Structures are given as structure tokens and as C-alpha cells.
Amino acid sequence: VAGNAAASQMYGYTEDELVGLQSRDLVHPDHHDVIELFKRDAGQGREFRGQAVSLRKDGSSFYIEARGTAIGIDGREYALAVLRDITDRKKAEADLERVNGELQRTVHELQRSNQELRAFAHIAAHDLKAPLRGVSHLAEWIAQDCGGKIDKQGREHLRLIREPDRQSLVQGHTPSRP
């Protein structure tokens, strides 16, 4: 492995120390398959793109994105790779995935809650119809039995009771007085 000053800083090795290392020394063992994929693609003359977990000199790990290919110099094959530390991006992706999961759970809870509210509103509306019908019948009987004894304003009140705007009543509005 040979690397520039940026690679030395990223991995915590001096440039001279990097020269004595193999790719496997810098890649977490769980990601050694990425090295094999790189060799395969480079050996076939294709550009490689991939991600892996790398190891610093102090043993800490970080995510990298690698792009590279094989190049020939003086009749020898070399692998040329550009590595970028993508640890912050991976953390952001994990955070985004976590937040999306929480959001999906919240949406599901809200949908369930709205469904329960619709069911309750349907039951409440149904339960209100019978009492409203009873009040309407009572107002009709009063109008029939006492029609001649009730003044104009009383008849209007009875009409409002018999023929209410039920939607307004359900929503909590009262009819305006004439």
C-alpha cells in the first residue's frame, strides 16, 4: 500500500508505514470480500466502486467509499484507488432510517387513531338521532295540542325544534333566534 498525506492522516500511519502494509491490514476482516471484488473488477479492466469498513492504526474503525481500477506502470499492474471517509454520511443515513421508522410508526398510530375517531363519531351521530327524533315528536305534539294558544314566536321555536339543522346541532351550533 502506498498513500498520500491524506491517506496517512485518515489511517493514522505515516506514509512510510503505509508502504509496508497490505490492503487486508487496512480493511476490517468482515469486509475482506470487498478487496476480492476490487481485484476481480480491476483484473477485468472495470472500474470498482464499493464501500467497506476500514481500520486505523489505533484499531478504530470508519466507513470508506472506494473507487478504483488497475493501471499498468513500467509493465507492472497496480491498483489505483481513491478512498473517502464516509462515516458521517453513514451515521446520517442511520439517523434518517431511524427517524423514518419513527415517522412510519407515528403515521400508523395516527391512522389507527383517526379510524377510531371516525367510528366513535359514527356511533355518536347514530346515538343522537333517537333523542333528537323524540324531541322533534314532542314539539310536534305540543304544536298540535296547543297550536292556537301559542304565539308566533312560540310557534317559530317549536318549528326550529321540529326541523333542526341536525348537522349544526351535532357540530355544537345553535340555530339563531328570529
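The values are calculated or read from the model by the stated rules, or taken from the named source; none is laboratory data. If you're wondering where the values come from, they're calculated on a predicted model, not measured in any experiment. Backbone-built Cβ (ideal geometry, glycine too); neighbour counts: all protein chains shown. Quick note on the areas: whole protein, heavy atoms, side chains included, nothing else; ligands and nucleic acids left out. Shrake-Rupley method; radii C 1.70, N 1.55, O 1.52, S 1.80 Å.
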Top-ranked residue of the stretch 8-24 - restricted to ones that are in contact with an Asp or Glu (Cβ under 9 Å, 6 or more places away or on another chain) and open to solvent by 30 Å² or more (accessible area, probe 1.4 Å), ranked as farthest from residue 56 (Cα to Cα): 10
Among (1) open to solvent by 100 Å² or more (accessible area, probe 1.4 Å); (2) closer than 30 Å to residue 21 by Cβ - the single one residue 59 does not satisfy: (1)
Failed item, numbered, when residue 27 is tested on (1) touching a Gly at 6+ places or on another chain (Cβ under 9 Å); (2) buried (at least 18 other Cβ atoms within 10 Å of the Cβ): (1)
Residue match in the stretch 106-115 (condition: surrounded by 10 or more Cβ atoms within 10 Å (Cβ to Cβ) and of a type in the set (Val, Ile, Thr)): yes
Qualifying residue in the stretch 43-54 (condition: within 32 Å of the chain's Cα centre (by Cα), surrounded by 11 or more Cβ atoms within 10 Å (Cβ to Cβ) and free of Cβ contacts under 8 Å to residues at least 12 places away in the same chain): no
